[in-house]
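This report refers to the structure that appears directly beneath it.
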Amino acid sequence: MIHEKLINPASIVVIGASNNKQTPGGSVLNNLISHNFKGELFAVNPKETVVQGVKCYSQVSEIPNVDVAIIAIAAKFTLETIQLLATTKNTKGFIIFSAGFSEKDEDGAKLEQQIVTTINAVGGSLLGPNNIGLINQNYAGVFTTPIPKLNSKGVDFISGSGATAVFIIEAAAASGLTFSSIHTVGNSAQIGVEEVLEHLDEDFNEQSSKVKLLYIESISNPQKLLKHATSLIQKGCKIAAIKAGSSDEGSRAASSHTGALANSDVAVDALFKKAGIVRCYGRNELITVASIFLHPTLTGKNIAVITHAGGPAVMLTDALSKSGLNVPEIKGKVSEELLEKLFLGSSASNPIDFLATGNAEQLETIIDYCEHKFTEIDAMVVIFGSPGLFEVYDVYDVLNKKINSCSKPIFAILPSVVNVKNEIEHFISKGNIAFFDEVQFGNALGKIFNSTPISIPQEKNLSENYNEIREIIANCKEGYLDPNTVKQLLQAAKIPIVEEFVCTGVASCEKALKSINFPIVMKVIGPVHKSDVGGIVLNVESVHKMTESFYKLMKIKGATAVLLQPMKKGLELFIGAKRESNFGHLVLCGLGGIYIEVFKDIQARLAPISNDDALEMIRSLKSYKIIQGIRNQAGINENTFAEIITKISNLVSIAPEISELDLNPLLATSEEIIAVDARIYIEKN
């Protein structure tokens, strides 16, 4: 938990303060003064007695007790300084701008840990090192510019990168996006993105910002992030995040289909979906999503595009349509009535184009029709720029009035950033947000509208066979389980599997025929990827063919036995699970067999998974139409598919030792779904 004194200090000292405002120590002191920090300010610099009008001490030992220390000195001097502050000056909040710690080398990492240990010992809080500080309603503790105008209803922004924070602040100012607070965590030695989010959650009240933005370079505690993001969203917040620096190291080392598909980036996606976080991939997208968040929530998918420029309207309509939103045709008497109020050549069919000569009065009329008479319309997007022939203040005043009075959301796309620069600034000064690119806006609106609803964390569904599953796992060795143990484990988890027999000789194959009938399938046991080594023989219909196939399969390198199964038919499906470091278990589904390798059409969620989660996964697959049934081919029972997905989630929750699990394929018909091939890898460390 972040100490209250770091957030709202009564006194601050700048260690390394300077009269040179182009240094970190000089700039942060200037920001504190310029942005009206109301508490006591102190400075430490052995060469000065007064710095920027603030009393300056030659050494830390001379200063009074102080709540927060902002440190802008060389890394090698920081530990001694912090020890003195923590033990003799009752300092609880620390911001370290200095670099040269864990981001540099092993010695720097040791120094960083010593600092954290010192601060932990007094119950203090540390932002950094190697960061730019924080800005909130109480003080501007950063050495950078610009300092944005703060608004309690703006966004809370947490960034793992100081430079990225600065660039986002700059770009946001141009569009009218405002901030409530900005926290940068640098090396996250003690406080990372997760801890700041925890603070925003536990400190949340009705006056708090309801939009949170995150820029994350590493997720050290996924479960904490999930817990507090979910909690905030349940309180009415909206969250968008960039996760940079994703790696595919795990997939390069994987031996199963699940392992190859379930890399760290898939885990991030699954975490964000479970939490209800909208994932973004760049600064401008993050700003656009945040700006949409600050508008009323879109409750339907029918959008009216109101424009005086045809090209941007066409591009916006394309972007909205590709995102699953509608720009419905508007026709009938009411549409004709509106058209009569516009200049000749206008269109009221949607997009509603009132031409380059359209004026403020016509815009107001169109918006009124969309608000009151076109009942099918859920929201409006107004595109209005200027060729630079005349001022358009009156148009933007109408927009401002209607944005604040209409019940339906109105989004303003104002592309003329040069010709009407002054009018846009006037529009933004009234508390509005301007969007500048219609395609980026359309894509962002679609992403938000289609985002996965929050999945409330649930208790692990520990089945009645918990003890049986645990006993099987306890008796397992690490590595891939043998077919008989796989069968026992799946049966204990109530997962339907095909009848099968492990045969080490022709005689045991013939014995198996007393229980199953031709045609049969024969699979080599030993090699991990059977199909890659020619280790599967289908449609075996005679004893002769069975004997011949047995000897052929046993000649494959690594073969230890042959598996016999009855030949089943159906749509090939896939379910997998993988333990992804500290994220927990990912559970995946999709079409199975070779399709999983060719199309890589999968959905993944973090366990535990509810039945609703499982159905949402299935229905989000690009191949869902095949699952439903297409071209006179019967669909499968998707409820049964979802039930098996939840059983796999349950299994890995009971047995976290399962590192990787593949059911590929399961064969599905409208009547049944049955696993015909399975692999399970156990790690007990």
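Things worth noting here:
- Test: residue in the stretch 49-58 that is surrounded by 15 or more Cβ atoms within 10 Å (Cβ to Cβ) and closer than 22 Å to L79 by Cα: yes
- Hey, E364 surrounded by fewer than 16 Cβ atoms within 10 Å (Cβ to Cβ) and assigned by TED's automatic domain parsing to the domain that holds P409 or not: no
- Test: D437 is among the acidic types (D, E), outside the structural domain of S152 (by TED's automatic domain parsing), out of contact with any Asp or Glu (no Cβ under 7 Å at 6 or more places or on another chain) and within 23 Å of C280 (Cα to Cα): yes
- Within the set P148, P129, the sole residue that is at pLDDT below 95 and touching a helix residue (DSSP H, G or I) at 6+ places or on another chain (Cβ under 8 Å) turns out to be P148.
- Of all the listed residues (N650, N632, N664), the sole one being in contact with a Pro (Cβ under 8 Å, 6 or more places away or on another chain) and either touching a residue at least 40 places away in the same chain (Cβ under 8 Å) or not in a helix (DSSP H, G or I) (or both) is N650.
- Count of the stretch 667-683 residues which are assigned to a loop (DSSP other than H, G, I, E, B) and small (G, A, S): 1
- Strands (runs of 3 or more DSSP E) wholly inside the stretch 237-349 containing at least 1 residues that are at pLDDT 95 or above and either surrounded by fewer than 15 Cβ atoms within 10 Å (Cβ to Cβ) or not assigned by TED's automatic domain parsing to the domain that holds N221 (or both): 303-307
- Among (1) closer than 25 Å to A474 by Cα; (2) without any contact (Cβ under 8 Å) to a residue 60 or more places away in the chain; (3) of a type outside the set (A, V, I, L, M, F, W, C), the one test that G534 misses: (1)
- Conditions (1) among the aromatic types (F, W, Y); (2) surrounded by 24 or more Cβ atoms within 10 Å (Cβ to Cβ); (3) farther than 17 Å from I12 by Cα; number of the one not met by F97: (3)
- Within the stretch 35-53, residues that are touching a residue at least 24 places away in the same chain (Cβ under 8 Å) reach partners that are of a type in the set (S, T, Y) with beta carbons closer than 6 Å, at six or more positions or on different chains, in the pairs F37/Y139; G39/S11; E40/S11; V44/Y57.
- Picking from residues in the stretch 510-529 that are of a type in the set (G, A, S) and in a loop (DSSP other than H, G, I, E, B), the one that is nearest to Y681 (Cα to Cα) is G526.
- Screening L355 against (1) crowded, with 17+ Cβ neighbours inside 10 Å; (2) free of Cβ contacts under 8 Å to residues at least 12 places away in the same chain; (3) over 13 Å from A304 (Cα atoms) leaves a single unmet condition, (2).
- For the stretch 388-409, a tally of residues being part of a helix (DSSP H, G or I), basic (K, R) and crowded, with 17+ Cβ neighbours inside 10 Å returns 1.
- Only a single criterion out of (1) touching a strand residue (DSSP E or B) at 6+ places or on another chain (Cβ under 6 Å); (2) surrounded by fewer than 22 Cβ atoms within 10 Å (Cβ to Cβ) is not satisfied by L573, namely (2).
- Hey, S407 closer than 23 Å to A319 by Cβ, of a type in the set (S, T, N, Q) and touching a helix residue (DSSP H, G or I) at 6+ places or on another chain (Cβ under 8 Å) or not: no
- Members of the stretch 410-439 that are part of a helix (DSSP H, G or I) and surrounded by fewer than 18 Cβ atoms within 10 Å (Cβ to Cβ): K421, N422, E425, H426, S429, V439
- Counting the residues of the stretch 136-162 that are within 26 Å of H426 (Cβ to Cβ) and either assigned to a strand (DSSP E or B) or hydrophobic (A, V, I, L, M, F, W, C) (or both) gives 8.
- Looking across the stretch 163-182, the residues that are part of a helix (DSSP H, G or I), crowded, with 22+ Cβ neighbours inside 10 Å and in contact with a helix residue (DSSP H, G or I) (Cβ under 7 Å, 6 or more places away or on another chain) come down to I168, A172.
- Test: G154 is small (G, A, S) and within 20 Å of S34 (Cβ to Cβ): yes
- Residues of the stretch 630-685 satisfying the condition of being within 17 Å of L481 (Cβ to Cβ) and among the aromatic types (F, W, Y): Y681
- Test: residue in the stretch 361-379 that is outside any helix (DSSP H, G or I), touching a Leu at 6+ places or on another chain (Cβ under 6 Å) and within 23 Å of F449 (Cβ to Cβ): yes
- Scanning the stretch 103-131 for residues that are in a helix (DSSP H, G or I) and either at positive phi or in contact with a strand residue (DSSP E or B) (Cβ under 6 Å, 6 or more places away or on another chain) (or both) turns up just one, I119.
- Among the criteria (1) touching a Pro at 6+ places or on another chain (Cβ under 8 Å); (2) of a type in the set (S, T, N, Q); (3) at pLDDT below 95, the one S218 does not fulfil is (1).
- Scanning the stretch 41-66 for residues that are among the small types (G, A, S) and either over 44 Å from the mean Cα position of the chain (by Cα) or not assigned by TED's automatic domain parsing to the domain that holds G93 (or both) returns G53, S58, S61.
- Considering residues of the stretch 464-504 that are of a type in the set (S, T, N, Q) and part of a loop (DSSP other than H, G, I, E, B) only, the residue nearest to N517 (Cα to Cα): T504
The values are calculated or read from the model by the stated rules, or taken from the named source; none is laboratory data. Every value quoted in this text rests on a predicted model; they were computed, and no experiment measured them. With ideal geometry, Cβ positions are generated from the backbone for all residues, glycine too; neighbour counts draw on all protein chains shown.
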